[in-house]
Each structure stands twice: as C-alpha cells, then as structure tokens.
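*Asks:* Just passing along the structure, written as structure tokens.
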Amino acid sequence: MATLVQKKSPVWPWIVMAIAGLVTFVAAMTVPPDAVQGQLSRIMYVHVPSAWLAYLSFGVTMIASGIYLWKRDLEWDRRAHASAEIGVFFTGLAIALGMIWGKSTWGTWWTWDARLTLTAIMFFVYLGYLALRRTTDDMDARAKRAAVMGILAIVQIPLVHFSVIWWQTLHQPPSIIKPEGPDMDTVMVLTLLTAVASFTVMYIAMMVKRVELARLEDAVLIAEQTNTGPAAGEAVVAPDLSGGA
Amino acid sequence: MTRTSFWTQAMAITKRDVMRERRSGEVLWVTLPFGAIALLLIPIAIGTDRPTLRAIGVGMFWVIVMLFGVLIAVRQAHTESQAQRDVVALTGIDPAAGYVGRVIASFMFLIGFEVVLAVVTVALYDVPLDGWAWMPLVMVLVGAGLSLLGTLAASIVSTGRSASALVPLLVAPLSVPLLIGATQTFEALRLGRSSLTWTLMMVIVILLLAIAGVMSARTLQES
Amino acid sequence: MTRTSFWTQAMAITKRDVMRERRSGEVLWVTLPFGAIALLLIPIAIGTDRPTLRAIGVGMFWVIVMLFGVLIAVRQAHTESQAQRDVVALTGIDPAAGYVGRVIASFMFLIGFEVVLAVVTVALYDVPLDGWAWMPLVMVLVGAGLSLLGTLAASIVSTGRSASALVPLLVAPLSVPLLIGATQTFEALRLGRSSLTWTLMMVIVILLLAIAGVMSARTLQES
Amino acid sequence: MTVHPGDAIGVFGTNGAGKTTLLRLLATLLKPATGKATILGADLATDARYDVRPRIGYVGHVPGLYPEMTLNENLSFIATAMGIDHEVVESSLAAVGLAGAADRRAEVCSHGMQRRAEFARVLMTKPDFLLLDEPHSALDGNAVDLVDDLVRQIIDSGGAAVLVSHDRSRVENLATYSVEITGGTIA
Amino acid sequence: MTVHPGDAIGVFGTNGAGKTTLLRLLATLLKPATGKATILGADLATDARYDVRPRIGYVGHVPGLYPEMTLNENLSFIATAMGIDHEVVESSLAAVGLAGAADRRAEVCSHGMQRRAEFARVLMTKPDFLLLDEPHSALDGNAVDLVDDLVRQIIDSGGAAVLVSHDRSRVENLATYSVEITGGTIA
Ligand code: HEM
Ligand SMILES: Nc1ncnc2c1ncn2[C@@H]1O[C@H](COP(=O)(O)OP(=O)(O)OP(=O)(O)O)[C@@H](O)[C@H]1O
Ligand SMILES: Nc1ncnc2c1ncn2[C@@H]1O[C@H](COP(=O)(O)OP(=O)(O)OP(=O)(O)O)[C@@H](O)[C@H]1O
Ligand SMILES: [Mg+2]
Ligand SMILES: [Mg+2]
C-alpha cells in the first residue's frame, strides 16, 4: 500500500494549469469581436472548449472503466473517477457560460432546447456516477459498479452532440466537426483551436493532480479498513442484571 | 447433480418472476391502473382541446410507458430480500442467466402494459393511426430496451446505502434514445420519410444494453 | 406511565416518518428526480413547439404532481412490515393520531416536491405566470388533499394483499376533483373569473378525506 | 385457561401448532373469530382491547425495528409516543448491554443485538403482561439470563407472563405451569 | 482454522461477535477484506468461489423463501435452476414433515415451518459443505432431531459442517470440535 502515497507531490501541474488558463484568456481577448454578436462572442472560446473537454473527460472515463473491468487494477478505476469529476466540472462550466451567453443573445437564461436539456441530463448522469461511488466503501465493489455505469453513460455524448441536428432548435448546430468542413472565419477557428489545445493541457494537469488525490483517498480508506479499531462485537457487553431500568 | 444449461436457469428465473407477479399483482393492479389514470388525467388537466390532444397523444403514451415501464423493471430491486438473494446466488445460477431471466419476465409485463395503454390512448386521444403497422415493432423494441435497462439499473444499485437514489439517474440517459427513437419513428412516418435510422438507433441501444447486462452480471452480483 | 395526548402521538409518528425519509432519501432521491425527468421527457416526446408547451405546461405540472404525489403518500404501505406495525399498535397510539401524523409527514414531502417541480416547469415550459399569487394556496390545498388521500389508500393496502387492487380505484376518482380544482383555478384567473368555486370544491374534498381518514383509522388498523 | 397475576405460563407445541397465533391474539393483534377471551379485564372481541395495549409487552419472533433508524431512535420513537422519559431509553439499552451500539442503525446490528433491543423496549415500557415468542432464540448466554430476570421481575411485581418456546427445560424452570398446544387446541 | 471432511465444527460467541459474518464469508456470500480463506479447494477471494456454490448448503437465520409462493413452488424453483428432479422436492418436504403444507404460501406458514422448508431445500441439494446459522432455533423437538440427523448424514458421507449456535450442549454433542469467536477473532 505504500505505493499509493508518493513521497513528493509534483508542482508542475499547478503551473501548467495557470499557463493554460492565461493562454486561453489572452487568445479570447485578442481575437476580433464577432460581427453579429460583438464582444460577447468571446465567451465562445471558453464555452466550446469546455463542452468538448467534457466529452473528452467522459470518453476517458469510459475507456479507463473498460480497462479496469479487464485488468481489475484499481489505478484505472481512479483514473476513471478523476476524469469523470473533471468532466462534471467542465460540463458545469459550459452550462454556466452558455447560460450567461444565452441571457444576452436569446434574452433568457434557459429555454427548452434539446441540447440544453440533454446537456443538463448529462451533468446529472455523471453526478449520479459520482454519487454511485459514495454508496459503498468496498473499493472493488465500488470500482466495478462505477465502471459499468461509466461505460453506459457514454451514450450521452452522441445524444448531446447530434441533438441539434435531430431537432431544429435554438442552439448553434455544429460548425466545425461536420461533413462539409468548418465554415468559420479562419482567425476564429485558430483561436478556438488554441483554446481547445490549452484546455486539453489543463485537463492533463488536472488529471495528474486528481489521480494523486484519489490515491491518497484510497490509502486512507485502506488504513481505516485494516485498522479495525475496537472490534465490532465489542459494542455489545454483558447485560446489566442488577435490576434493569 | 447435473449442472443445468444457461436457458434452463434463465427460464427458472423468468418463471419465478411471473409467478410472483401473478400472486402479488403489483404490475397488473397497481402500475397498469396508474398508467391508465395518468393518461386520463392529462386531458382533464390541459383542457380537452381536440387538436392539441391529437398532437400530443402519441408522445404522452410513450412518456407514460417510459416512466412506468422503468418502474416495472426496477421493482425487483425492492422486492427481493438479502436472504432471498443469498439463496438464489447459492444455487450457482450463472448471473448472466439470472439477468436474462429477469429481463424476459419484465419484457412480458411491459408488452402487456404497452398494449393496454395503447388502447387507452387511442380511445381517449383520437390519435392519428398512420403508421400503425409499425406499432408492434416499436413496442417490442421499447419493451426490450426498457426491460434490459431497468433490470441492469436494478442490479447496479441493488446493494449499498441509499442505492435506490441512483435509479433515475441511471435510467434517464438510456431511456432518452429509446424515447427519441419511438417518437421520431412515427414523426418520420407522418412526414413520409424513412424511419429506418430511428429503428436502427433503438436496435443499437438494445444491443449495447444486452451486452452490458450480460457481461456485467457476474461482476454486479457480488456485493 | 402517563397516557400521551393526541398531538404528541401524531408528532411522534411524523418525526419517525421524516427520520426514515432522511435516512432512506426515497422521496428526495427517487421520486423527485423521476418527476423532474418526466417533465423533461415530455417535450422530447411531443416535440418542442413552444406555443404547445406553454399551453400544456401548467396542466402537465399538476398531472405529474398528482401521480408522483400519490406514490409518495402510499410509499409507507410498502415500507412497513407486520412486525413494525405490531410494535406501533401496541404502544396504544390512537390510530387516528397515527393517520394524522403520517399525513403531516407526507404533506411536508409533497410541498417540497411541488415547489421543486414548479421551478422546473417554469424553467422548461416558459409557462405564463398570471395568477402566481394563488399558487401557494393551491399548492397547499393539493398537497393536503393528496397526502390525505394517499395515506388513506396506504392504510387500505396494508390490511391485506388483494386490497392493493383497490388503491387505483380509490385514488383516481378522488384525485380528479383535486386536479380539476387546481387547473381550473388558474383557468378562471386567466379568464378573469372568480376562482372561489374551485377553491371551495378542493376544500370540501379535503374535509371529506380528513373525516374519512380519521373515522376509518381504527377499523383499518386491525388485520 | 386463566392467567393470574404472578403467573408465568409456558406454552409448548409442535411447529405450526398455533402458539404464535395464540400469542398475537392475547396481544390484541388478532381478533378472535369465535370463543371468548378477556385480558387485563378487557374483552378481546371488543374495542376495550385497545385500551390495555400499552400495558402489554410483546416480543414476536421477528424484530419490529426500523432498519434505517438507530437503536436509540427506534426506542425513542416508542418512548415519545408513550410518554416515557428519554433517559429511560438509554438506561434500558444499557441494561441489555447495548449502550455501545445505541447509535448503530438497526440494519447493521446482528440478529441477537436486534432481539436484545426488543427486550430493551419491553423493559422500558414496564408492562403488566408479558408475551414472549421464543424469547431465548438468537440470544447468547448472558442475554438469556437477562430475559429470565425480566420475566421474574414482572411476575414478582404482580404481572403475568406467557412464554412460547421450544426450549422446554429453560422455560419450565421459569414458569409456574405449562400448557401444550396441538392443532390449535390448548391441552 | 481448517475444516476437514467429516468434521462438524461448532462456532460460539456472544451476540454481535461475528459468527454470522464468518458463516456468510464461508458461504462465498461475502468477500474477505483481508486474510486468506479456501473452501472446497476454491480461494474465497477469487472467482473460483462461484463454482463451489452449488455444493454449499447454507441456512441463514432469516428464511429466504418468497412469501407469496407456496413451499412447493419455492423449492421447485431451486430444483429447476439446479437440475434436480422434481420428485425430490416432494420427498424432501415430506422428510421434514411438511408434506401436508407443501401447497401453502410461505407467508402463512409459521416460523418453524419456514425453517423446516429451508432444511428441506438443503436436503434436496445434497451439499458437501453445510453452513447452519442457529440451526435449532424455532424448531420443535422432532425437527431438531431431524437437523442433527442431516448434519450426521453429511459428515458421515465425507462432507463437513459448520454450526453457529448459542445452544452449546446440543451442538457440542454433534460437533467434532468447537471454536469461540470474540470481537471478530477466532479463539
Ligand atoms: C445553457 C446554455 C447552453 C448549453 C448547456 C450549451 C451547451 C453546449 C454544448 C454541450 C456544446 C458542445 C456541442 C458539441 O460540439 O457537441 C456547445 C457548443 C456550442 N455552443 Fe453552446 N450551450 C449553451 C448556450 C449557448 C449559446 C447561448 C450560444 C450562442 C448563442 C452557444 C453557442 C455554441 C457554439 C457556437 C458551439 C459550438 C458548436 C460546434 O461547433 O459544434 N451556446 N454548447
Ligand atoms: N452490514 C453491516 N455493516 C456494518 N456492520 C455490520 C453489518 N452487519 C453486521 N455488522 C456488525 O458486525 C458484527 C457482527 O455481526 P454478526 O451478525 O456476524 O454477529 P453474530 O455473531 O452472528 O451475532 P448474533 O449472535 O447476534 O447473531 C456486529 O457488531 C454487527 O453490528
Ligand atoms: N395469515 C395466516 N393465514 C392463514 N393461516 C395462517 C396464517 N398465519 C399462520 N397460519 C397457520 O396457522 C398455523 C399456526 O401458526 P403459528 O404461527 O401460530 O404456529 P406456531 O405454533 O407459532 O409454530 P412455530 O413453532 O413454527 O412458530 C400454521 O399452520 C400456519 O400455517
Ligand atoms: Mg411461532
Ligand atoms: Mg448471527
């Protein structure tokens, strides 16, 4: 179990996260504003990468879950867990920014729209994944149940992505990943790609940190479970026969 | 003692579930009437404007089928005690056979449920009957999908504290493609387009669920 | 040992129900998400046509409240074993106090349920908010009616197995006046008419249910 | 058959003979179909039986605890409903040796611990008439002595007890006399 | 601790000591958190434990019957699943004295009858390794002899048995040796 706790916790991920955040910010601020939407279109350079990184995170969760079920190595379970948690964070960010954006362009915080609703469902599904992990302290049982859900929940992604094609709704249809190729201004595409790249780097740094934390959590759990303390049966003592209550 | 085949085991489980339902009448006497009441209450609540009712009838039918159907399929999570589960586990039944057996039983209840509710819907909502020839197929697909999904969800949560809390979250993501598939099939037919894509999507979801359920059965049986 | 008052007994029961709910999270984590999911699935199923959604939003809200509300209130029929009922009966608690205590607990859960679903409905359906000032009153009336009704139904169920068949038959006719009352109140307000008649109707139903519940409590307690 | 104050009656019989049914009848939990029975002065066929309920201490063979509530909460609920002081809850649990497990949910308590908690409940309500169904099963040596003690206390203070059991030797020690049930008839 | 063929081990301990937990572990129903255990040649921590399940005869202290099914249906379900002849169902029920109650729903059977039905199930599956939790509770004199008989049969034919009980004298008669559990440790 000593392997779970590293002697030195790396500092570089923190630095990488800060730099990646800064790059995204600078990129979003230097690009010329959108002709129609004005300054607010800058939100896009955070909103869209957030959404995509959420996909990436959940994809990694699925793959790590699959590998866990195959190898039964808890390290993969920790990766799946870490990635799901980061994915929930990015989904939340995408929704929050989308709502702010929506308030200014559609005039409402939230509206019935297939993508919005399905994104919200996706958020809750992965919250459910995290909740499922809390229902037991048995690490193997927890890992197995979570892995099954981690794989199943992936159907959310195509659902969210294609929802705009399936229904004509308010939300932007895909403008980059689609059969005819991107139809955006080159500068905007480049900025977007920069943002996505730095978000991906940020994701990797977050993963390193979160997996490290997960190892620590597991180490604590193992310590708790092996050091049983006063045996369970000792809660029961001989009855007091001196005359009762 | 001879080790029994996969299908013998699955059938034993199905038979048990059917028998328990016949004795308790949970689906027949509680879920089914509640579903029918739901369909009855809707026109009362939203007003009996015929065009509106016609427009929403089919959709409502599927929503009620999804909601109550999932409740039917997860019921076993609540109706089996630890001691009963222990006894079944110790027969050495292949957990995958157990999964399949339970799915088949739920599927049968769901088909019955769908048929009765379909009749109620047609009677109450005056829905357009175009594409009714597709109805049996879609019903079977939805029934299969929901029973696979509900049984899987029930086995994922069957142990652990406050586990039932997770059922809706597990069920929601996968029931959405089924719902979309079912409603869009009829929408496509109405608009004269091909509904094959939707059917295909449902078939894929069903296959995924079946594979997931069978593969994870042993894993999930352990506490 | 002093014999306790009616209200002490009722409050003991309420406290027990609240504690069991807090531990199991059945309402908070299962019924509430299911209700919210139902509201989410409806637009997916019937199409995202905004005027239609606006038109049916309020009605849908009440239908979901009725259906799941009754499920919340009858849940206790399934969650109490014979041995547990025996223990409670032998405390000598007045069965009417038991009924009232359970109703109060259900009422509290239902109000929470209504508030959350109301927020979801407003968010998703963009419903017109005229007459919102009446909302708290109507919510309280519906919550009271459903908890009285569901608890009564639950006591009928717990007296015997085959009795559960009666629940839908009991619940349907009595929830209809509540539903009509709730929806027509807002309809009347929208049309600028007085909604007093509807409110009065709900109050009468509630009184009838309360009397029926209290009077039959002792009879229903025996097995 | 009459049970007098100070009596402890042992009831024996084969499986399915009707012992539990008799006990639940005496506990006013079942209504007699035919025949007449009076308990603590109240006719079991009339509503008067409700009034004597708080004076009855019944322990069935299945524990009636709420699994998701702790032992303490389970007993406190009964105490509130019956107007019993909350300190008595703790002292009763301590008396059956469960002081250390009072804050454990009933569902994680072992079978014997749950049965002990049931006896703590009876201890707490100080009944005049004790009805115990297989009182010694699932209890270890210490707890068995406790139950015997409880029965003696009740009968010494003018109460009565009916004990259903298969453990003849132990109950016969305790009982003032015994009856045999076969096929629903008391011999 | 090793159980050899032909051994019957009595396990004793106070309430909450961990006897039931030990038994469920041996029955492969729980997975050991730490430590190593092997049963019928299969390591309890690996998937091999599934293969030995049909050879285990476990009776817990709570009956695992489906209440709405008859005793016959309950046993037939197990028989079908395990490939046992249906005549054996009837003869097993008859062997525990339940021939007359075979078509009664489990929920209307008395506690002792339900326990007898559980033993009929074990009789039917002819296990090599018997795990009984408080086997004598709720059973009348006849049935108790029956259980003792069952245990002797199994160990005579080369099987083994572990009996958890509070009834020391009876189990010590039966057991080849006994162990004591306190606070989760086998003494
Ligand atoms: C709460 C509100 C919103 C949510 C939950 C949301 C969610 C999402 C998601 C999940 C994606 C990723 C889609 C994919 O590529 O598969 C996305 C992309 C996008 N969103 Fe939003 N969004 C919201 C509001 C908005 C608003 C108000 C706008 C602009 C008016 C907007 C513009 C975009 C654009 C341009 C994309 C990139 C589309 C693409 O190229 O694929 N979003 N949004
Ligand atoms: N699911 C659980 N979670 C946590 N603790 C548990 C759980 N089940 C049992 N325990 C605890 O483990 C201990 C051992 O329980 P076990 O049922 O094995 O006792 P036992 O020796 O069989 O006692 P008894 O004689 O009362 O049947 C008890 O203290 C109990 O509270
Ligand atoms: N709800 C019921 N409906 C019909 N018959 C029942 C019901 N409950 C019990 N019986 C039957 O009544 C008879 C007596 O049951 P009872 O539980 O009183 O037996 P008992 O003497 O306590 O047996 P045991 O020693 O096994 O506990 C049994 O034959 C049983 O099948
Ligand atoms: Mg009995
Ligand atoms: Mg035990």
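*Asks:* Looking at region D:1-24 only, could you name the residues that are more than 19 Å from E:ASP140 (Cα to Cα) and either hydroxyl-bearing (Ser, Thr, Tyr) or within 14 Å of chain E (Cβ to nearest Cβ) (or both)?
*Replies:* Those that are more than 19 Å from E:ASP140 (Cα to Cα) and either hydroxyl-bearing (Ser, Thr, Tyr) or within 14 Å of chain E (Cβ to nearest Cβ) (or both): D:THR2, D:ARG24.
*Asks:* What number of residues within region A:107-134 are farther than 19 Å from A:GLY92 by Cβ and surrounded by fewer than 21 Cβ atoms within 10 Å (Cβ to Cβ)? Please lay out each step first, then the result.
*Replies:* At the first step, the residues of region A:107-134 found to be farther than 19 Å from A:GLY92 by Cβ are A:107-108, A:112, A:114.
Retained after the next criterion (residues that are surrounded by fewer than 21 Cβ atoms within 10 Å (Cβ to Cβ)): A:107-108.
So the answer is 2.
*Asks:* Now a separate question. For region B:1-27, enumerate the residues that are over 22 Å from the mean Cα position of the chain (by Cα) and of a type in the set (Lys, Arg). Don't jump to the end; show me each part of the working.
*Replies:* Here is the first cut: in region B:1-27, the ones over 22 Å from the mean Cα position of the chain (by Cα) are B:1-6, B:8.
Result: B:ARG3, single match.
*Asks:* Also, quick follow-up: Determine, yes or no, whether D:ILE84 is away from chain E (no Cβ under 14 Å), within 17 Å of the chain's Cα centre (by Cα) and β-branched (Val, Ile, Thr).
*Replies:* no
*Asks:* Sticking with this one: Within the bounds of region E:106-113, is there any residue that is within 16 Å of ligand 3 (Cβ to nearest atom), at pLDDT below 95 and within 19 Å of B:VAL88 (Cβ to Cβ)?
*Replies:* yes
*Asks:* State yes or no: is D:GLY13 in contact (Cβ under 8 Å) with a residue 60 or more places away in the chain and buried (at least 18 other Cβ atoms within 10 Å of the Cβ)?
*Replies:* In short, yes.
*Asks:* Would you point out which residue out of D:SER165, D:SER76 is away from ligand 2 (no atom under 16 Å from the Cβ), small (Gly, Ala, Ser) and within 14 Å of chain E (Cβ to nearest Cβ)?
*Replies:* Just a single option satisfies the conditions, and that option is D:SER165.
*Asks:* Here are the criteria: (1) surrounded by 15 or more Cβ atoms within 10 Å (Cβ to Cβ); (2) part of a helix (DSSP H, G or I). Tell me which single one A:LYS103 does not satisfy.
*Replies:* (1)
*Asks:* Mind listing whichever residues of region C:116-157 are away from chain A (no Cβ under 14 Å), more than 13 Å from the chain's Cα centre (by Cα), part of a helix (DSSP H, G or I) and touching a residue at least 24 places away in the same chain (Cβ under 8 Å)?
*Replies:* Scanning region C:116-157 gives C:LEU117, C:ALA118, C:TRP134, C:LEU137, C:SER155, C:ILE156, C:VAL157.
*Asks:* Hey, any hits in region D:133-142 for a residue that's touching a helix residue (DSSP H, G or I) at 6+ places or on another chain (Cβ under 9 Å), over 24 Å from D:ARG24 (Cβ atoms) and more than 16 Å from ligand 3 (Cβ to nearest atom)?
*Replies:* yes
*Asks:* State yes or no: is D:VAL62 facing another protein chain (nearest Cβ under 7 Å), in contact with a helix residue (DSSP H, G or I) (Cβ under 9 Å, 6 or more places away or on another chain), within 16 Å of ligand 3 (Cβ to nearest atom) and β-branched (Val, Ile, Thr)?
*Replies:* Criteria met by D:VAL62.
*Asks:* Next up: Do we have any residue at all in region E:129-142 that's within 8 Å of chain D (Cβ to nearest Cβ), surrounded by fewer than 17 Cβ atoms within 10 Å (Cβ to Cβ) and more than 16 Å from ligand 1 (Cβ to nearest atom)?
*Replies:* The answer is yes, given that some residue of region E:129-142 is within 8 Å of chain D (Cβ to nearest Cβ), surrounded by fewer than 17 Cβ atoms within 10 Å (Cβ to Cβ) and more than 16 Å from ligand 1 (Cβ to nearest atom).
*Asks:* Test B:THR14 against the criterion of being facing another protein chain (nearest Cβ under 9 Å), within 24 Å of B:ALA105 (Cβ to Cβ) and buried (at least 18 other Cβ atoms within 10 Å of the Cβ), and give yes or no.
*Replies:* no
*Asks:* When you scan region E:112-120, do you find a residue that is within 16 Å of ligand 2 (Cβ to nearest atom), polar (S, T, N, Q) and within 12 Å of chain D (Cβ to nearest Cβ), even just one?
*Replies:* No, there is no match, as no residue in region E:112-120 is within 16 Å of ligand 2 (Cβ to nearest atom), polar (S, T, N, Q) and within 12 Å of chain D (Cβ to nearest Cβ).
*Asks:* To continue, here is another question. Going by what's in this entry, would B:ILE93 be described as touching a residue at least 12 places away in the same chain (Cβ under 8 Å) and more than 10 Å from chain C (Cβ to nearest Cβ)?
*Replies:* The answer is yes for B:ILE93.
Residue-by-condition table, conditions (1) within 16 Å of ligand 1 (Cβ to nearest atom); (2) acidic (Asp, Glu); (3) farther than 13 Å from D:ASP133 by Cβ; (4) surrounded by fewer than 18 Cβ atoms within 10 Å (Cβ to Cβ):
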| residue | (1), (2), (3), (4) |
| --- | --- |
| D:ARG24 | no, no, no, no |
| D:ALA33 | no, no, yes, yes |
| D:LEU71 | no, no, yes, no |
| D:ALA101 | no, no, yes, no |
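*Asks:* In region A:85-100, what count of residues is obtained for those that are away from ligand 1 (no atom under 16 Å from the Cβ) and either within 18 Å of B:MET215 (Cβ to Cβ) or in contact with a Ser or Thr (Cβ under 7 Å, 6 or more places away or on another chain) (or both)?
*Replies:* Residues flagged as away from ligand 1 (no atom under 16 Å from the Cβ) and either within 18 Å of B:MET215 (Cβ to Cβ) or in contact with a Ser or Thr (Cβ under 7 Å, 6 or more places away or on another chain) (or both) within region A:85-100 amount to 0.
*Asks:* Give me the residue from region D:35-69 that is among the small types (Gly, Ala, Ser) and buried (at least 20 other Cβ atoms within 10 Å of the Cβ) and, out of that set, nearest to ligand 1 (Cβ to nearest atom).
*Replies:* The first filter runs over region D:35-69 and keeps only residues among the small types (Gly, Ala, Ser), leaving D:35, D:37, D:41-42, D:45, D:48, D:57, D:60, D:64.
Checking the rest, the ones that are also buried (at least 20 other Cβ atoms within 10 Å of the Cβ) come to D:57, D:60, D:64.
Numbers: D:GLY57: 61, D:GLY60: 55, D:GLY64: 50 Å.
The selected residue is D:GLY64.
*Asks:* Also, quick follow-up: It is to be established whether one or more residues within region D:29-51 are in contact with a helix residue (DSSP H, G or I) (Cβ under 9 Å, 6 or more places away or on another chain), at pLDDT 85 or above and more than 16 Å from ligand 3 (Cβ to nearest atom).
*Replies:* Checked region D:29-51: no residue is in contact with a helix residue (DSSP H, G or I) (Cβ under 9 Å, 6 or more places away or on another chain), at pLDDT 85 or above and more than 16 Å from ligand 3 (Cβ to nearest atom).
*Asks:* Still on this structure: Do you know which of the residues in region D:39-69 that are touching a residue at least 40 places away in the same chain (Cβ under 8 Å) and part of a loop (DSSP other than H, G, I, E, B) is farthest from the chain's Cα centre (by Cα)?
*Replies:* Taking the candidates together, the pick is D:PRO67.
*Asks:* Based on what the data block shows, is D:VAL144 within 16 Å of ligand 5 (Cβ to nearest atom) and of a type outside the set (Gly, Ala, Ser)?
*Replies:* For D:VAL144, the condition - within 16 Å of ligand 5 (Cβ to nearest atom) and of a type outside the set (Gly, Ala, Ser) - is met.
*Asks:* Sticking with this one: Filter region A:128-145 for residues that are touching a residue at least 12 places away in the same chain (Cβ under 8 Å) and facing chain B (nearest Cβ under 7 Å) and give the result.
*Replies:* Correct list: A:GLY128, A:LEU132, A:LYS144, A:ARG145.
*Asks:* Only one of these conditions is not met by C:ILE44: (1) at pLDDT 80 or above; (2) in a helix (DSSP H, G or I). Which number is it?
*Replies:* Here C:ILE44 clears every test but (1).
*Asks:* Do the conditions hold for E:VAL89, that is, is it within 16 Å of ligand 2 (Cβ to nearest atom), at pLDDT 90 or above and either within 14 Å of chain A (Cβ to nearest Cβ) or buried (at least 19 other Cβ atoms within 10 Å of the Cβ) (or both)? Spell out how you get there, then give the answer.
*Replies:* Working: within 16 Å of ligand 2 (Cβ to nearest atom): no; at pLDDT 90 or above: yes; either within 14 Å of chain A (Cβ to nearest Cβ) or buried (at least 19 other Cβ atoms within 10 Å of the Cβ) (or both): yes.
Here the answer is no, as E:VAL89 does not meet what is asked.
*Asks:* Still on this structure, please answer the following. I need the full set of residues from region B:25-61 which are without any contact (Cβ under 8 Å) to a residue 24 or more places away in the chain, facing chain C (nearest Cβ under 8 Å) and farther than 16 Å from C:MET60 by Cβ, in order please.
*Replies:* Residues satisfying the conditions are B:GLY25, B:TRP29, B:VAL30, B:PRO33.
*Asks:* Considering each of C:LEU169, C:LEU148 in turn, give the residue that is at pLDDT 90 or above and more than 12 Å from C:VAL65 (Cβ to Cβ).
*Replies:* Just one listed residue meets the conditions, C:LEU148.
The values are calculated or read from the model by the stated rules, or taken from the named source; none is laboratory data. Small disclaimer: the values here were computed from a predicted structure and weren't measured. With ideal geometry, Cβ positions are generated from the backbone for all residues, glycine too; neighbour counts draw on all protein chains shown.
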